[in-house]
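The values are calculated or read from the model by the stated rules, or taken from the named source; none is laboratory data. Because the structure is a prediction, the values reported are computed rather than measured. Heads up, the Cβs are rebuilt from the backbone with ideal geometry, glycines too, and the neighbour counts pull from every protein chain shown. We work out accessible area using only protein heavy atoms, side chains counted, and drop any ligands, DNA or RNA first. Shrake-Rupley method; radii C 1.70, N 1.55, O 1.52, S 1.80 Å.
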Amino acid sequence: MSHTHHRRGTLPVAALVLVGLVGCSQLGIDTGGSGPSATQTKEAVPPATIAVSVPTGAADVRPDTVVTVASTRGTIKDVQVTAADGAPVPGELSDDKTSWVSTSPLALETAYTVSGSAENPEGSVTPLSSNFTTLKPRDTEEASITPTASMQTVGVAMPIVVLFDSAPVDKAAAERRLNVTTSSPIEGSWRWTSDKQVVWRPRDYWPSGTKVDVTADMTGVEFAKNVWGTNTEPIHFEIGRNQTSVVDISGYTLTVKQNDNVIKTIPVTNGQGSGRYATREGTKVIITKENSHRMRAPGFNEDDPEYYDLVVRYAMRLTWSGEFIHAAPWSVGSQGRRNVSHGCTGMSTSNARWMMENSLIGDPVTYINGRRKLTNDNGWAFWNMSYDEWKTGSALYVAPPETPQDQPAAEGEQAAQPTATASS
């Protein structure tokens with residue numbers, strides 16, 4: 001009897017133990033474990049996002065639009081913005097690889113595709129695929145550059161003149177698209193001489209032999225409502241021998257130098273008096289060379305004693321107002337003695353021929369001892385302005401920080417003494 005009783009009592013005990021164990025787990029009683037159960041599911045990492053700033057399918061996108069691709073919850077693996085012809089749009093990826101920004105303007109009337117991808121910390125990749133099209137302009141604007149392609153060798157005072165048919169909306173944007181590259185480092189600056197013209201000149205005259213490349217890619221530059229700039233063919237030129245000339249107005253001579261050595265002195269006659277016919281004083285630059293040029297008195301009738309209409313030979317233009325160096329055989333008796341012209345510098349035919357043959361467009365001719373000043377907008381008169389003043393006319397000019405004035409030493413203090421620095 002007792003044996004049978006023992007077997008019956010064993011089964012309920014085992015059952016209680018199992019239930020108790022189950023009960024502890026269900027009630028959340030700490031059974032000695034320190035972390036989640038091995039059977040629990042690990043929390044999923046959300047996928048990275050990647051998006052482009054230009055809406056998919058957008059049309060009439062401005063060419064100055066900056067394309068931005070950005071990612072959250074991940075980093076960018078790659079980005080490509082490509083034109084229909086396969087040309088890529090350059091751009092820069094941020095240091096943290098969460099954004100990419102285009103660094104070049106877009107072409108007009110061009111379809112672009114945008115592709116790329118981003119990945120989250122677990123390596124899961126999210127792709128990007130988009131497209132857009134740039135606008136069709138009402139008109140386009142191209143820069144006109146001097147020196148022109150035909151002017152392969154120029155003088156040491158040659159400016160680089162860029163002219164537009166209409167003014168850019170943003171001069172700084174236009175100036176950023178202009179580039180001057182030289183065969184050796186040369187300091188220089190652009191200056192806007194009007195709303196439509198910007199000029200580059202070096203600090204000093206060009207060094208002889210310098211090779212110069214000029215580019216004017218106005219892509220992405222706005223000139224008027226829906227009028228956009230285009231690229232201009234690059235210009236290449238070289239600086240010739242170092243030749244400068246000085247005209248002594250009251251001394252009636254023109255002196256030509258190469259590398260500071262006098263190579264010729266020519267007797268001349270200049271503009272008479274101190275009024276409208278007086279030759280202007282200042283540094284001028286040879287703008288054109290013409291074998292013959294027709295000159296007529298502006299604003300005078302044919303029956304006026306001041307009227308003239310004649311063709312001169314070996315004419316070199318110096319100002320827009322009509323000052324030339326040219327042959328004046330009718331005034332040979334006055335050349336080297338007195339001024340009898342209407343403003344030009346006249347010399348004998350043989351001397352004018354020599355001057356023409358030995359001069360380059362871009363050679364400087366400085367006039368001294370005159371009674372009438374040259375204005376900076378009359379010809380290429382850009383050398384009459386100091387370089388420090390010149391560069392302030394750039395749309396990108398940044399004024400240097402002001403140097404604080406020396407403060408006097410406080411009473412009872414000794415003023416600091418300057419320190420001499422040795423140089424080699």
- Message: Against the conditions (1) more than 18 Å from ILE325 (Cα to Cα); (2) hydroxyl-bearing (Ser, Thr, Tyr); (3) more than 27 Å from the chain's Cα centre (by Cα), where does THR345 fall short? Just the number, please.
- Response: (1)
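Where residues in the range 42-68 are touching a residue at least 40 places away in the same chain (Cβ under 8 Å) and charged (D, E, K, R), which of them is least open to solvent (accessible area, probe 1.4 Å)? Break it down stepwise before answering.
Of all residues in the range 42-68, those touching a residue at least 40 places away in the same chain (Cβ under 8 Å) come to 45-52, 54-65, 67.
Next, only the ones that are charged (D, E, K, R) stay: 60, 62, 64.
Details: ASP60: 113, ARG62: 96, ASP64: 65 Å².
Result: ASP64.
Give the residue that is surrounded by the fewest Cβ atoms within 10 Å (Cβ to Cβ), with candidates limited to residues of the range 245-263 that are of a type in the set (Ser, Thr, Tyr) and in contact (Cβ under 8 Å) with a residue 12 or more places away in the chain.
Going through the range 245-263, the residues of a type in the set (Ser, Thr, Tyr) turn out to be 245, 250, 252-253, 255.
If we keep only those that are in contact (Cβ under 8 Å) with a residue 12 or more places away in the chain as well, we get 245, 250, 252-253.
On the way: SER245: 22, SER250: 12, TYR252: 19, THR253: 15.
Ranking the qualifying residues of the range 245-263, first place goes to SER250.
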- Sole miss for LYS225 among (1) at pLDDT below 95; (2) closer than 30 Å to ILE368 by Cβ is condition (2)
- Report yes if ARG191 is within 19 Å of PRO234 (Cβ to Cβ), charged (D, E, K, R) and open to solvent by 30 Å² or more (accessible area, probe 1.4 Å), otherwise no. no
- If you go through the range 344-399 one residue at a time, how many are modelled with pLDDT under 95 and surrounded by 20 or more Cβ atoms within 10 Å (Cβ to Cβ)? 0
- In the range 264-286, which residues are crowded, with 18+ Cβ neighbours inside 10 Å and either in a loop (DSSP other than H, G, I, E, B) or small (Gly, Ala, Ser) (or both)? VAL268, ASN270, GLY271, ALA278, THR279, ARG280, GLY282, ILE286
- Task: Please go through the range 305-341 and pick out each residue that is in contact with a strand residue (DSSP E or B) (Cβ under 6 Å, 6 or more places away or on another chain), at negative phi and part of a loop (DSSP other than H, G, I, E, B).
- Result: LEU318, ALA328, SER334, GLN335, ASN339, VAL340
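Counting only residues that are under 16 Å from LYS264 (Cα atoms) and within 45 Å of the chain's Cα centre (by Cα), how many does the range 333-342 have? Outline the logic, then answer.
Our first condition is that a residue be under 16 Å from LYS264 (Cα atoms); within the range 333-342, this holds for 335-336.
Imposing the further condition that a residue be within 45 Å of the chain's Cα centre (by Cα) reduces the set to none.
The qualifying residues number 0.
Take the conditions among the hydroxyl-bearing types (Ser, Thr, Tyr), at pLDDT 75 or above and under 29 Å from the mean Cα position of the chain (by Cα) and apply them to SER71. Does it pass?
Working: among the hydroxyl-bearing types (Ser, Thr, Tyr): yes; at pLDDT 75 or above: yes; under 29 Å from the mean Cα position of the chain (by Cα): no.
No, not satisfied.
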- Query: Of the residues that make up the range 340-359, is at least one of a type in the set (D, E, K, R) and in contact (Cβ under 8 Å) with a residue 60 or more places away in the chain?
  - Reply: no
- Message: Looking at the structure I just gave you, is VAL114 among the hydrophobic types (A, V, I, L, M, F, W, C), at pLDDT 95 or above and within 24 Å of LYS171 (Cα to Cα)?
- Response: no
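Give SER189, SER183 a once-over and let me know the one that is free of Cβ contacts under 8 Å to residues at least 60 places away in the same chain and closer than 26 Å to ARG241 by Cβ.
Numbers: SER189 fails: free of Cβ contacts under 8 Å to residues at least 60 places away in the same chain.
Every option except SER183 fails the conditions.
Report, by residue number, each residue of the range 253-291 that is of a type outside the set (S, T, N, Q) and in contact with a Gly (Cβ under 7 Å, 6 or more places away or on another chain).
PRO267, VAL268, GLY271, TYR277, ALA278, ARG280, GLU281, LYS284, VAL285, ILE286, ILE287
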- Go through the range 84-112 and give me each residue that's exposed (fewer than 14 other Cβ atoms within 10 Å of the Cβ), among the polar types (S, T, N, Q) and farther than 25 Å from GLU222 by Cβ. SER94
